[in-house]
Every structure is written in C-alpha cells, then in structure tokens.
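Below is one structure, written out as structure tokens; the observations come after it.
The values are calculated or read from the model by the stated rules, or taken from the named source; none is laboratory data. From a predicted model like this one, the values you see are computed outputs, not experimental measurements. Cβ atoms come from the backbone with ideal geometry, glycine included; neighbour counts cover every protein chain shown. Ligands, DNA and RNA are excluded from the accessible area calculation, which covers all protein heavy atoms including side chains. Shrake-Rupley method; radii C 1.70, N 1.55, O 1.52, S 1.80 Å.
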Amino acid sequence: MKDILIYYLILINIIAFITIYIDKEKAIKHKWRIKESNLFLLAIIGGSLGTYLGMYSFHHKTKHKKFILGIPLIMFFQISLFFFK
C-alpha cells in the first residue's frame, strides 16, 4: 500500500509541474488559461511539491500572494500529515 502512495505522489507531482508549464505557455501566447482553482486542486490532492517547483522553475504565479503563501502552506500540512499521522 505504501508503494502505491509513493507512485501516486510521484505521478500527481509530475502532472502538477507540467500543468504549471502549460499554463505559463498559454499565458505567454495569450490563450485560454487553466483555472487557478484547478492549480490549487492539484496541489491539495498531493501535487504541492510539483506545483511549487513549477512556479519557480517557470517563474509563473510567483507574484500572486495566494500562490506564494498558499502552496507552501498546503505542502506544510501535507508533510505534517505524512510524518505525524
């Protein structure tokens, strides 16, 4: 069961990272964007690290307070839950 959780977390973080990249590319091209609520949803369901790394790798959403505070806060709670069940 622990292996499945690890594979899930790897996959969801890769998806979150790629989603941030896609949203950045759409922003550059002035195309239809991915909803911020969907980006937060990916973080909440386990993709907070991928979202965080994507934000700073692609310099995307790094001026939005709800992202620069919210994503690390989500990550903190997830890490806390993981280690202090």
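May I ask you to list the residues in the stretch 6-39 that are over 22 Å from L69 (Cα atoms) and assigned to a helix (DSSP H, G or I)? Show your work before the answer.
Kept after step one, since they are over 22 Å from L69 (Cα atoms), are these residues of the stretch 6-39: 6-8, 10-11, 25-26, 28-32.
I6, Y7, Y8, I10, L11, E25, K26, I28 - these are the residues of the stretch 6-39 that are over 22 Å from L69 (Cα atoms) and assigned to a helix (DSSP H, G or I).
Among residues belonging to the stretch 52-85 that are closer than 18 Å to L5 by Cα, part of a helix (DSSP H, G or I) and not hydrophobic (A, V, I, L, M, F, W, C), point out the one that is least open to solvent (accessible area, probe 1.4 Å).
The selected residue is S80.
How many of the residues making up the stretch 46-80 are of a type in the set (A, V, I, L, M, F, W, C) and out of contact with any Phe, Trp or Tyr (no Cβ under 9 Å at 6 or more places or on another chain)? Reasoning before the result, please.
Let us first name the residues in the stretch 46-80 that are of a type in the set (A, V, I, L, M, F, W, C), namely 49, 53, 55, 58, 67-69, 71, 73-77, 79.
Applying the additional criterion that residues be out of contact with any Phe, Trp or Tyr (no Cβ under 9 Å at 6 or more places or on another chain) yields 68-69, 73, 76-77, 79.
Count: 6.
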